[in-house]
Amino acid sequence: MKHSILPLILLSFFTFSCQTVPITGREQLSFVPASQILPMSFDQYSEFLSKHTVVEQGEQAEMVKRVGTRIEHAVERYFSDHGLSSRLSGYKWEYHLVEDKQVNAWCMPGGKVVVYSGILPLTKDENGLGVVLGHEIAHAVANHGGERMSQALLVEMGGLTLDAALSQKPKQTNDLFLAAYGLGAQVGVLLPYSRVQESEADHLGLIFMAMAGYDPHGAVGFWERMIALQHGKAPPEFLSDHPADARRIENVRQFLPEAMTYYRPQ
Ligand SMILES: [Zn+2]
């Protein structure tokens, strides 16, 4: 008898702790309330900005805000059309360009975006930045950080709620938060989420950028440049040496026809 109870408990735990990712329909573990995560995220964002040189003016800073805002509106439209607007409640979208050589960009929960100046030579133009922000914002609105945080609480804290973990082990919980949301030492484009989450962010990102009026075909070139930079090799050479990366480019190509059905050039 006692052996049959554990699976039941686990089953009910998962049943009440899952939600569905928009567009892909994947079930993800999620029991960290946004009402708690968002304030933590906003604090981290302010702290990050206070320690970095924010580019306030100029063409590039304006481009970051423009692209971000267009993707934001696309996401809001998609979520509203699918009855999911509540998942964006509490979002306070914000976009900042920071002076930093790193090739990076990220979006924290609640729509807090940073683009590092070091990624702009790779994005090349506004459409290329649309690829990056579509992808990073997709990670946020697909709740990938919340999923990782839920997994971490389950595996490393024995399934404690965030509240309990914060009061019992504040330091460790904060470290888990930073890691789950990609705010440890390295984050964003260069340090990927799981392969499933990466593929999902590619998929959603292409649709959001297309809805925002950016041509999703630009994603193939951007990811080829990113991967070439990581491996120090030009395409197509790295594709034969790194099958996982080759697969990713191939996946992006396969998402294009669907994404193009959302594409409205502006
Ligand atoms: Zn990613």
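If you go through the range 249-259, how many residues are in contact (Cβ under 8 Å) with a residue 40 or more places away in the chain and open to solvent by less than 30 Å² (accessible area, probe 1.4 Å)?
3
Where the second residue is open to solvent by 20 Å² or more (accessible area, probe 1.4 Å) and within 11 Å of the ligand (Cβ to nearest atom) and the first is within 16 Å of PHE79 (Cα to Cα) and lies in the range 133-156, which pairs have Cβ atoms under 8 Å and are six or more apart or on separate chains?
Qualifying pairs under 8 Å: HIS139/TYR193.
Only one of HIS203, HIS135 is in a helix (DSSP H, G or I), at pLDDT 95 or above and open to solvent by 10 Å² or more (accessible area, probe 1.4 Å); which?
Numbers: HIS135 fails: open to solvent by 10 Å² or more (accessible area, probe 1.4 Å).
Of the residues listed, the single one that is in a helix (DSSP H, G or I), at pLDDT 95 or above and open to solvent by 10 Å² or more (accessible area, probe 1.4 Å) is HIS203.
On the given criteria, is VAL115 within 15 Å of the ligand (Cβ to nearest atom) and not small (Gly, Ala, Ser)?
yes
Can you confirm whether VAL196 is at pLDDT 85 or above and surrounded by 14 or more Cβ atoms within 10 Å (Cβ to Cβ)?
Yes; evaluated as a whole, the condition is true for this residue.
For residues in the range 138-147 being in a helix (DSSP H, G or I) and more than 12 Å from the ligand (Cβ to nearest atom), which is nearest to LEU206 (Cα to Cα)?
Restricting to residues being in a helix (DSSP H, G or I) and more than 12 Å from the ligand (Cβ to nearest atom), the top hit is VAL141.
Among the candidates ALA210, ALA246, which residue alone is of a type in the set (Gly, Ala, Ser) and crowded, with 18+ Cβ neighbours inside 10 Å?
That would be ALA210, the only listed residue that is of a type in the set (Gly, Ala, Ser) and crowded, with 18+ Cβ neighbours inside 10 Å.
For residues in the range 74-131 being part of a helix (DSSP H, G or I) and free of Cβ contacts under 8 Å to residues at least 12 places away in the same chain, which is most open to solvent (accessible area, probe 1.4 Å)?
Restricting to residues being part of a helix (DSSP H, G or I) and free of Cβ contacts under 8 Å to residues at least 12 places away in the same chain, the top hit is ASP81.
Just checking, does the range 51-61 include any residue being outside any helix (DSSP H, G or I) and surrounded by 14 or more Cβ atoms within 10 Å (Cβ to Cβ)?
Checked against the condition, which is being outside any helix (DSSP H, G or I) and surrounded by 14 or more Cβ atoms within 10 Å (Cβ to Cβ), the range 51-61 yields at least one hit.
The values are calculated or read from the model by the stated rules, or taken from the named source; none is laboratory data. None of these values were measured; they are calculated from a predicted model. Here Cβ is always computed from backbone atoms with ideal geometry, including for glycine, and neighbour counts include all displayed protein chains. Accessible surface is based on the protein model in full, side chains and every heavy atom, while ligands, DNA and RNA are left aside. Shrake-Rupley method; radii C 1.70, N 1.55, O 1.52, S 1.80 Å.
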